[in-house]
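One structure below.
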Ligand SMILES: Nc1ncnc2c1ncn2[C@@H]1O[C@H](COP(=O)(O)OP(=O)(O)OP(=O)(O)O)[C@@H](O)[C@H]1O
Ligand SMILES: [Mg+2]
């Protein structure tokens, strides 16, 4: 697991931007963490860094918003209001996973359909402004890609 300490919102945004720059199509960023912890802050910085979009609306009601980046589309999901895991098939998730980059808030709502080889990002609140961002990924290639990002992990926990 890679651990990043983000002591301000700006540091979380910097990390999201750095990760957007190592992202390639078919990447899935599963953003775990409690209500209001920073999943949307992360997503907006990621999307804005790769597109010319100025306002990134929250897909709370639409469940998904799609953006065009130069090398791939970005599908931004907020699954908080998903009623069942199966409902995910109505949201073009297969297309997203097959050819785009996916940012998924509340990925636990899709239960068994979250692919195993995704980047699992867990945002933990330590205080009002401090977050610990833990990233886990199974594939060695993806781990190496993470280490190429401009921002390096503060801790590498290989247990
Ligand atoms: N270090 C930090 N990183 C990210 N957000 C921070 C940080 N410090 C404070 N914040 C604040 O935490 C809030 C995060 O809100 P955000 O909407 O991103 O949460 P969320 O996880 O998407 O919530 P929801 O579950 O409702 O979708 C914002 O108000 C932001 O300003
Ligand atoms: Mg959100």
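Derivation of every value follows stated rules applied to the coordinates shown; laboratory data play no part. All values derive from a computational prediction rather than experimental measurement. Neighbour counts are summed over all protein chains in view; Cβ atoms, including those assigned to glycine, are modelled from backbone coordinates with ideal geometry.
crowded, with 21+ Cβ neighbours inside 10 Å and farther than 30 Å from residue 159 by Cα: which single residue out of 45, 98, 69 fits that description?
Only one candidate passes the filter, namely 45.
Return only the number of the condition from (1) within 11 Å of ligand 1 (Cβ to nearest atom); (2) on the phi < 0 side of the Ramachandran plot that residue 36 does not satisfy.
The number of the failed condition is (2).
Output the strands (runs of 3 or more DSSP E) that fall wholly within the stretch 65-159 and possess 3 or more residues being in contact with a helix residue (DSSP H, G or I) (Cβ under 7 Å, 6 or more places away or on another chain), or say none.
73-78, 101-105, 131-136
Sort out which residues of the stretch 19-41 are more than 9 Å from ligand 2 (Cβ to nearest atom), assigned to a helix (DSSP H, G or I) and within 12 Å of the chain's Cα centre (by Cα), and write them in order of number.
19, 20, listed by residue number.
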